[in-house]
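For reference, the structure is listed below as structure tokens.
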Amino acid sequence: MDFAPTPEMDLLRSEVRAFLETNLPWEYGVGLPPRFDELGDEVAFGRGWQAQLAAAGWVGVTWPAAYGGRGLGPVANFVVQEELARARAPELVGRIGINLAGPTLLAHGTDEQKTRWLPRILPAEELWCQLFSEPEAGSDLASVRTTARRSAGGWVLEGTKVWTSYAQFADFGICLARSDPDAARHRGLSFFVVDMHAPGVDVRPLVQLTGEAEFNEVHLDEVHIPGGHLVGEEGQGWTVASSTLSHERGVNPRQLVIHLQHLDELMRTAAVTGAFDDTRLRRRLAQAYVEVRLFQLHNWRSLSRLERGLEPGPEGSLLKLYWSEMSKRLHALALDVLGPAAPLWHGAADNPGDGSWQRAWLYYQASSIFAGTNEIQRNVIGERVLGLPRERS
Ligand SMILES: Cc1cc2nc3c(=O)[nH]c(=O)nc-3n(C[C@H](O)[C@H](O)[C@H](O)COP(=O)(O)OP(=O)(O)OC[C@H]3O[C@@H](n4cnc5c(N)ncnc54)[C@H](O)[C@@H]3O)c2cc1C
């Protein structure tokens, strides 16, 4: 694939950049997003910002125009995501709706479901969460135990979900539940939309390493689900959920730009702290530079697949594995560059970055777990890319 930008993509890039230069709530290229002590305040800010972006058509550019998108292709989306990250815009608060729930509904929802839910996703009028993982079902998602039994006019859900990001702010959740306990594991599952404000939904925040509580435990206690909230056919939940998961591992333009920014900042910090004078650290800094560049090439390879109309495929696992390991190495290096300041936190004196490196180190520990653990990615690569013998089930 030829990666030289086309005139259309150059135009798109200059349009989105012009919008950001005029509308960003901080000075373009200089300022940073506001820092919030409360996650609720950050989410409220994020909703306003996403609404503003959506009104100008810069959210969900690959979605059909009928639901607020522009009907553009993967390269256009890559360009818009790159520009947003370059402007240091925060990650979109409605990303689970935009990246996971929306595309799943587009592929498997009825017209009524699409009309009801899709138009409110892009402007962050309604936020979504993903109710897949359970205490006994993470990597092995087909083991979900949450039950769905038929009742008058619909279904009743009973069970516990865990690690549900942003559930405390969500209006709806996409949920995998067992509707037929007698069927074979994958065949007994159905896919539902849960109203997170319905009676019986109890959300309990879980505090993470960073001290923030982005994810939650969600208890579903006799939650009534109207019949119209079943997505796909009864018993087809595994197929529908697989299509959701396929959207978790595509290209990653945001992380690409962020890691280029991290690297740039780290090089400058290393010059200040004197880390460049340490031969071993200097070598690792050079290695980090090479790794981020390789991540760019991995992204471009995946992007060329998408642009040709192909799915990310098992090679998507290579990208996820690569970026998460790269990121953890880069942040470990950052703490070594900080030297004696490494154990300090936000507000401490003589702490380059004012705690942002330490927070990022803690945050990126999760990158080898979320969206499928790295062991699972290695299994996929071994079996489906390298053709090694399959794991015993
Ligand atoms: C920050 C964050 C946000 C998340 N947000 C959400 C969310 O919004 N919604 C949601 O549904 N889930 C979410 N998750 C959950 C995430 O998808 C799971 O944590 C992940 O799938 C792993 O499942 P588990 O935690 O149950 O670990 P387990 O599956 O119990 O795995 C435990 C360990 O065993 C290893 N292991 C398991 N099976 C194999 C195997 N076959 N071969 C080799 N090793 C294996 C794993 O790699 C891991 O190291 C989130 C997780 C994190 C960290």
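Could you look through the stretch 145-187, keep only residues that are of a type in the set (Lys, Arg) and in a strand (DSSP E or B), and pick out the one that is nearest to Pro226 (Cα to Cα)? Checked the stretch 145-187; the qualifying residue nearest to Pro226 (Cα to Cα) is Arg150. Scan the stretch 1-24 and tell me whether some residue there is among the acidic types (Asp, Glu) and open to solvent by less than 70 Å² (accessible area, probe 1.4 Å). Taking every residue of the stretch 1-24 in turn, none turns out to be among the acidic types (Asp, Glu) and open to solvent by less than 70 Å² (accessible area, probe 1.4 Å). When the stretch 50-65 is filtered for residues that are surrounded by fewer than 19 Cβ atoms within 10 Å (Cβ to Cβ), touching a helix residue (DSSP H, G or I) at 6+ places or on another chain (Cβ under 9 Å) and in contact (Cβ under 8 Å) with a residue 40 or more places away in the chain, only Pro64 remains.
Return the total of residues in the stretch 135-159 being within 12 Å of the ligand (Cβ to nearest atom) and in contact (Cβ under 8 Å) with a residue 24 or more places away in the chain.
8
Scanning the stretch 198-233 for residues being part of a loop (DSSP other than H, G, I, E, B), buried (at least 16 other Cβ atoms within 10 Å of the Cβ) and away from the ligand (no atom under 14 Å from the Cβ) gives a total of 1. For His346, the criteria (1) away from the ligand (no atom under 16 Å from the Cβ); (2) out of contact with any Gly (no Cβ under 6 Å at 6 or more places or on another chain); (3) open to solvent by 60 Å² or more (accessible area, probe 1.4 Å) hold in every case but one, which is (2). Here Val194 does not qualify as closer than 22 Å to Gly97 by Cβ, more than 15 Å from the ligand (Cβ to nearest atom) and open to solvent by less than 20 Å² (accessible area, probe 1.4 Å). Test of understanding: among Trp361, Trp357, Trp323, which residue is open to solvent by 80 Å² or more (accessible area, probe 1.4 Å), within 17 Å of Gln261 (Cβ to Cβ), away from the ligand (no atom under 14 Å from the Cβ) and part of a helix (DSSP H, G or I)? None of the other options fit; the residue is Trp361.
Residues considered: Val337, Val380. Of these, the only one that is within 11 Å of the ligand (Cβ to nearest atom) and either touching a residue at least 40 places away in the same chain (Cβ under 8 Å) or within 21 Å of Glu212 (Cβ to Cβ) (or both) is Val380.
The values are calculated or read from the model by the stated rules, or taken from the named source; none is laboratory data. From a predicted model like this one, the values you see are computed outputs, not experimental measurements. Note that we place each Cβ from the backbone using ideal geometry, even for glycine, and neighbour counts take in every protein chain shown. For accessibility, only protein heavy atoms count, side chains too; no ligands or nucleic acids. Shrake-Rupley method; radii C 1.70, N 1.55, O 1.52, S 1.80 Å.
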